[in-house]
1. Can you tell me which residue within the range 273-321, out of those that are in contact with a helix residue (DSSP H, G or I) (Cβ under 6 Å, 6 or more places away or on another chain) and part of a strand (DSSP E or B), is farthest from residue 179 (Cα to Cα)?
2. If you check residue 233 against the conditions, is it touching a helix residue (DSSP H, G or I) at 6+ places or on another chain (Cβ under 9 Å), within 16 Å of ligand 1 (Cβ to nearest atom), part of a loop (DSSP other than H, G, I, E, B) and modelled with pLDDT of 95 or more?
3. I'd like the residue in the range 259-272 that is within 15 Å of the chain's Cα centre (by Cα) and in a loop (DSSP other than H, G, I, E, B) and, out of all such residues, is surrounded by the most Cβ atoms within 10 Å (Cβ to Cβ).
4. If I ask for residues that are surrounded by fewer than 20 Cβ atoms within 10 Å (Cβ to Cβ), farther than 15 Å from residue 277 by Cβ and touching a strand residue (DSSP E or B) at 6+ places or on another chain (Cβ under 9 Å), which ones from the range 24-37 would you list?
5. Here is a check on your reading of the model: is residue 131 surrounded by 14 or more Cβ atoms within 10 Å (Cβ to Cβ), under 21 Å from the mean Cα position of the chain (by Cα) and part of a helix (DSSP H, G or I)?
6. Between 219, 170, which is outside any loop (DSSP other than H, G, I, E, B) and away from ligand 2 (no atom under 14 Å from the Cβ)?
7. Quick one: residue 320 ticks every box in (1) at pLDDT below 95; (2) within 16 Å of ligand 2 (Cβ to nearest atom); (3) under 25 Å from residue 172 (Cα atoms); (4) touching a strand residue (DSSP E or B) at 6+ places or on another chain (Cβ under 9 Å) bar one, so which box is it?
8. Looking only at the range 173-194, how many residues end up being more than 11 Å from ligand 1 (Cβ to nearest atom), in contact with a helix residue (DSSP H, G or I) (Cβ under 6 Å, 6 or more places away or on another chain) and part of a loop (DSSP other than H, G, I, E, B)?
Ligand code: OKP
Ligand code: ZN
């Protein structure tokens, strides 16, 4: 299987995370995540690594507002290599304020610092999504985008939740144009509040996630979004593998109703029990990712896997390995 690797991802190395209303914690979205995952994938099956060096500047403008992209590109210019930008003032519209304040209208939280080379890495991450989607269109039956930083919290003009560009919907757009309906299934622990902005009939969004008031983004997409192509499934505190699989079956039934031609999986591994990101604990075990993948593979669709969250660096490889075992078993 081809795996698309963002060669610039190391340039994004956020320092402090202020997500919890506490003094800054060591940031969990670290470069080692990708390396650990890749190592695990290699243990499950032969991987043809495709090193992606491109920056998807033009492509991200297909789904993100131009002024938003321009703003993100400008942030690094003002920073030294060891500095990070976090907006300090937040309002709906700050377009009349000096540009360095504009982060406050493009972001609602303070856990997603931008370093000098962060946006270069984020564009490179988006480029892996595009490259993987193109490969799937050409010949593939299955591809993996090792995107980092992740993307499912990034909206048309909003970054946050460690995300800058919506890798999943960038790819889904290409896949839907080529194949017809592309179902997006997001199994990251968190609701992809960015992704749901992009859902439409030929690219519906299905997400299985922890209760979103209690967990990031601390807002339930349903309250703000009446899009009929957004399908949200919460699991409860303490959910185990069996409980999760029962919810997954419901989501898969919803996906089948669309008769999609291709599937994109926003693949986070942070639903694993013990992942430090969880504000409500699950009891999923590594092997549950094998069962999850096997259920999804029952759709028998060409599929693209795209890395989102997952912060237990020591067990990410094992999760990736388990997922691939299930994914290739059908
Ligand atoms: C990004 B992705 C919990 C802190 C949560 C923000 C989480 C962003 C998750 N104590 N901080 O969806 O994995
Ligand atoms: Zn997550």
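1. For the range 273-321, the residue satisfying everything is 284.
2. Details: touching a helix residue (DSSP H, G or I) at 6+ places or on another chain (Cβ under 9 Å): yes; within 16 Å of ligand 1 (Cβ to nearest atom): yes; part of a loop (DSSP other than H, G, I, E, B): no; modelled with pLDDT of 95 or more: yes.
So residue 233 fails the test.
3. 269
4. Matches in the range 24-37: 24 only.
5. yes
6. Values: 219 fails: outside any loop (DSSP other than H, G, I, E, B).
Exactly one residue qualifies, and that residue is 170.
7. Here residue 320 clears every test but (1).
8. Here the count works out to 0.
The values are calculated or read from the model by the stated rules, or taken from the named source; none is laboratory data. Note that the coordinates shown come from a computational prediction; the quantities given were computed from them, not determined experimentally. FYI the Cβ positions are ideal-geometry reconstructions off the backbone, even for glycines, and counts take in every protein chain you see.
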